[in-house]
1. Looking at the chain, what strands (runs of 3 or more DSSP E) fall wholly within it and have at least 1 residues that are touching a helix residue (DSSP H, G or I) at 6+ places or on another chain (Cβ under 8 Å), among the β-branched types (Val, Ile, Thr) and without any contact (Cβ under 8 Å) to a residue 40 or more places away in the chain?
2. Looking at THR93, THR43, THR73, THR88 in this structure, which one is polar (S, T, N, Q) and open to solvent by 80 Å² or more (accessible area, probe 1.4 Å)?
Amino acid sequence: TGLITDVKCHLNGMAESMGEDHKQCAIDCIKSGLPVGILEDKTDKLYVVVPSKGMKPANEELLKYADQKVKLTGTMLEKSGVKMFAYTKVEETK
């Protein structure tokens, strides 16, 4: 469970400096094809997000959740220092 964001803005600190104004930026970045991530609530860890099946990126499906909290079901993967979450289901949360 966490916040859907674009990886670029989160890593370079832009998302934090923009606060609530970051939503449109996240939408634009995700629309443009930049990597989508989920910022985990409890640990503040960022995971790159991909669908567990198929060759289509997560961007199109997760765009509507940009800068919103969701619950993803799936598998966390980590290799060579990169953390990725391969999801099978997306649920809105409050």
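The values are calculated or read from the model by the stated rules, or taken from the named source; none is laboratory data. Remember, it's a predicted structure, so these values are computed and weren't measured experimentally. Quick reminder, even Gly has a Cβ in these numbers, built from the backbone with ideal geometry, and neighbours come from all protein chains shown. Surface areas here come from the heavy atoms of the whole protein model, side chains and all, with no ligands, DNA or RNA. Shrake-Rupley method; radii C 1.70, N 1.55, O 1.52, S 1.80 Å.
1. 36-40, 82-92
2. Testing whether each residue is polar (S, T, N, Q) and open to solvent by 80 Å² or more (accessible area, probe 1.4 Å) leaves just THR88.
Yes/no matrix, rows are residues, columns are (1) within 19 Å of THR88 (Cβ to Cβ); (2) open to solvent by 80 Å² or more (accessible area, probe 1.4 Å); (3) under 10 Å from the mean Cα position of the chain (by Cα):
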residue: THR5; (1), (2), (3): no, no, yes
residue: ASN12; (1), (2), (3): no, yes, no
residue: GLN24; (1), (2), (3): no, yes, no
residue: VAL48; (1), (2), (3): yes, no, yes
